[in-house]
Amino acid sequence: MSAGAVSHVAEDRPRATGGRAPDVFSRSGWVPMREHALGDEVDFAIVGSGCGGAVLATKLAEAGHSVVMFDAGPFWRPLSDFASDEREQDKLYWLDPRVSDGDDPLELGANNSGRNVGGSTTHFQMVSLRFRPDWFKSRSKLGYAVDWPVDWHEMWHYYAEAERAMAISGPISYPWGPKRGRYPYREHEVNAAGLVLARGAEALGVAWAPTPLATVSAPRGKSPPCVYRGMCKIGCSTNAKQSMLVTYIPRALAAGAEIRDLAMVGRIDTGPDGRVTGVEFHRDGGWHVQRARNVVVAGYSIETPRLLLNSACGRYPNGLANGSDQVGRYLMVHSNHAVWAEMDEEIRWYKGPPSMACCEHWNYDDDDPSRDFHGGYSFMSQGPLPGDFAGTLVTATGAFGLDLRERMARYNRMAGLKIVGETMPQADNRVTLSDEKDGFGLPRARITFGYCDNDRRLYRHSLRFMSRMLQAAGGHDLLETSSTAHLMGGCRMGSDPETSVTDANGRSWEIPNLWICDGSLMPTAGGVNPALTIVANAARIGDRIVAMGRKGTI
Amino acid sequence: MTERFSAPYRGYDVLDKWDTPSFNDQTRRVLRGRMDPPPRRFFSDTEWRVLLALCARAMPQPERTDPVAMAPFIDADLHAGRGTGTRRADMPEPGAAWRRGLAALDAEAVARHGRGFADLDAAAANAILRAVDSGDLADPAAWDGLPAQRFLRETALKHIVSIYYSQPQGMSEIGYGGPASPRGYVRLGTDRIDPWEAPHGQWPDR
Ligand SMILES: Cc1cc2nc3c(=O)[nH]c(=O)nc-3n(C[C@H](O)[C@H](O)[C@H](O)COP(=O)(O)OP(=O)(O)OC[C@H]3O[C@@H](n4cnc5c(N)ncnc54)[C@H](O)[C@@H]3O)c2cc1C
Ligand code: SF4
């Protein structure tokens, strides 16, 4: 395609129009894209193009279904759109405010919410771990939370598929979990920040591993190997990162899916028979309607419930799929507590992906006498960029002035360990609608969150353990900080319509042609980062829907 | 009290890499746009004076004749309505929080010293910031329900430092590699550095 001048800025006007979409592997090129008329009733309208939406769109389009996928955010070409700059790259995040309350109000925005084609994977940190098998039946096997309506053996198959699709680079033998096949790409060299974790783990006698990461350690198609520039959290400008934007999105386009960027879906329409008929979306300055036989919501744990609630109508006065008052409930995060230490040597943690070494000891050890909590946590080495780390320091300590500048001057000698800690699903941790409206006139989401006692015991345990580990590795002047990461749940799947929103296939109990496919389906959070699980689950749901299509039972 | 900043990476400047493979066009464009502070459009004269004083206390730069400017970028962000994605239920939106918080800081100064925040010497201003951070308020009514510590840490300081460390001077003084695309790094191990990184820092304790 033409290498002509870049026509316009991605944030200002949609790029995927006129029968073509951005070629994400070029600086200004295009790939062909099939388009559908608004009046055409497409097989599937998918809202959101992250882990859930992009994978499902690919599966459905590859099976011959007509698909239109919407994303509220822009369609980037990383090679020419992504700068090496923290402030500039804020543009990847969902920055329209959500109202946050509860006993432990959540930070949203850059902390957990993307807004662009590819979803939150354009800025995720690529840590790609599988759930512990027992977690899919944590109520029956481990005595807490709820069971998934899914068997771990089936998930294991889809984890392998997801790891191939995202070309995960990982160690030859991974210390935890059932025996597994090799990772598609060899592990990355562990940076100095990761070696601090390794040293500490060896001193305390627990296992550690080079983190399995979704960035390639050798060339793959048009993706060059990772160059260890360390800016993964603000967008990978080389395309080494195997985000949805450079893996599934090109596949979906090649299979005939249409993608509409800068297209905010504000409402799902329903017909007199109670089935959904399509979506209303805002694009290019106006509202439009796309008709569809099925609608899939894949906007992640805040926007998915928000859209269902905002689509209330005479027949469904409390929102769609909300007959049992489950939409928006059981929202979870990962506790993201950290310990930071100063080392004697220069670590320079800005080099390489931020989390190159990990430890899942507390996800698998059930018998240690110090364990005083249900669930698990993993932790990883850290490498925050300067603005990010300075923000952590002032938030945690209130430091300012020369004291702060001196602390920041030791940036190159810092190391840190941070957990991905499981929190329990609680009905009152939830998404509702606020009375404020956004620029589209749509009620904004209100997020209410509070930890339970178990959550607190878990992160306190982690702080004690990580402090010991950092000291064992030679760290001094320790600082503990608290935060959260990731979102899970909010529209959970299950086996009982009274306590869940969808069945195991993501089909809403209440409306047979309304589906959900994203992180909001997760009934529990597990002690690992969620993206790989969301991708695997979406691939599983995709295969199930395709099979139903063949049998005529969609 | 004299203030001195001892920089471990004196002489290192990320901008020396401007014409090397560590910088690409889009990064150069962004940094060029950051060289000229934008005009003030959001804050009033009175608010502006308090803001300048607050930035000077948050990030004092006694060693620089031409200190890094932060206030104009905060003003521009608020003028543009740039958000963070979160509004705590007990906080107003960022622009209103800033206005109320700056007015309250000024009121704290008047209540304690009979002068505005911008007219205090460094020690007095620092003492007020520490008091506000610990919830010790001399004029609670001026805060009008705004959580003082949260305003100071999460609205004000966090915003100020995000601007300071986005400027090449901020990156350079901590020995950060700075822009790194298309060229990243090769030497990842402990104490190992690429030729295009800052040389080892001068550490008094090593
Ligand atoms: C900084 C950061 C680091 C992370 N690091 C990791 C990591 O290392 N490992 C890991 O496993 N996970 C990580 N995550 C989490 C991971 O990215 C998410 O869990 C995952 O992307 C969620 O997938 P999803 O499909 O549910 O939603 P998303 O990927 O967020 O996609 C949702 C998309 O829907 C769009 N959308 C929402 N509502 C609408 C609407 N009404 N109309 C149109 N479009 C809409 C949004 O714009 C968005 O693009 C990280 C997240 C962040 C923020
Ligand atoms: S470290 Fe690797 S994955 Fe991360 S931004 Fe750089 S090239 Fe991309």
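Listed cross-link partners A:K241/A:K351; A:K241/B:K17; A:K91/A:K222 are compared with a 18 Å cut-off, the Cα-Cα value being larger for A:K241/B:K17; A:K91/A:K222. All alpha carbon pair distances within segment A:389-509 were sorted into 5 Å bins beginning at 0; the resulting P(r) in whole percents reads 2, 8, 13, 13, 14, 14, 11, 9, 8, 5, 3, 0. Among A:Y330, A:Y459, the order by Cβ neighbours within 10 angstrom, fewest to most, reads A:Y459, A:Y330. Counting beta carbons within 10 Å around each of A:E163, A:E41, A:E88 and listing the fewest first gives the order A:E41, A:E88, A:E163.
Distant-in-sequence amide contacts of A:R283, defined by a placed amide H-H separation under 5 Å and a gap of 5 or more residues or a different chain, comprise A:H288. How would segment A:82-165 be classified by its alpha-carbon gyration tensor: rounded, prolate or oblate, with rounded meaning a/c under 1.5 and the a/b versus b/c comparison settling the rest? Taking the square roots of the gyration eigenvalues as a ≥ b ≥ c, segment A:82-165 is oblate. Just so you know, the Rg over Rh for the protein assembly as shown is 0.95, from Cα atoms, with Rh as the Kirkwood radius.
Electrostatic bookkeeping for B:I193 treats Lys and Arg as +1 and Asp and Glu as -1; over the other residues with beta carbon under 10 Å from its beta carbon, the sum is 0. Here the sum of -39500 (n - 2.57) over DSSP H runs of 4 or more residues, divided by the residues of chain A, equals -7000 deg cm²/dmol at 222 nm, to the nearest 500.
Listed by Cβ neighbour count within 10 Å, with the fewest neighbours leading, A:C358, A:C51 appear as A:C358, A:C51. Electrostatic tally near A:G391: other residues with Cβ closer than 14 Å to its Cβ, Lys and Arg +1, Asp and Glu -1, net +1. Overall shape: oblate for segment B:36-166, with the ratio a/c of the largest to smallest alpha carbon gyration tensor axis at 1.5 or above and b/c at least equal to a/b.
Per residue of peptide A:84-97, the mean number of Cβ atoms on other chains within 10 Å of the residue Cβ is 5. With a cut-off of 10 Å between beta carbons, the residues surrounding A:A61 carry a summed charge of 0, where Lys and Arg count +1 and Asp and Glu -1.
Measuring from centroid to centroid over Cα atoms, what is the spacing of segment B:6-34 and segment A:170-194 in Å? Spelled out, the Cα-based centre of one part sits 35 Å from the other. The angle separating the long axis of helix A:531-551 from the principal Cα axis of greatest extent in chain A is about 30 degrees.
Dipole magnitude for segment A:177-318: about 360 debye, using +1 per Lys or Arg Cβ and -1 per Asp or Glu Cβ, origin at the Cα centre. Classified by the C-alpha gyration tensor, segment B:103-154 has an oblate form. Its axis ratio a/c, with a ≥ b ≥ c, is 1.5 or above, and a/b does not exceed b/c. Translational diffusion coefficient, Stokes-Einstein: compute it for segment A:1-149 using the Kirkwood radius over C-alpha pairs as Rh, at 10 °C and 1.306 mPa s, and state it as an integer in µm² s⁻¹. Once the numbers are plugged in, D ends up at 87 µm²/s.
Each value in this text was obtained by applying a stated rule to the coordinates, not by laboratory testing. For clarity, every value in this text was computed on a predicted model and none was experimentally measured. Neighbour counts run over all protein chains shown; Cβ positions are idealised from the backbone, glycine included.
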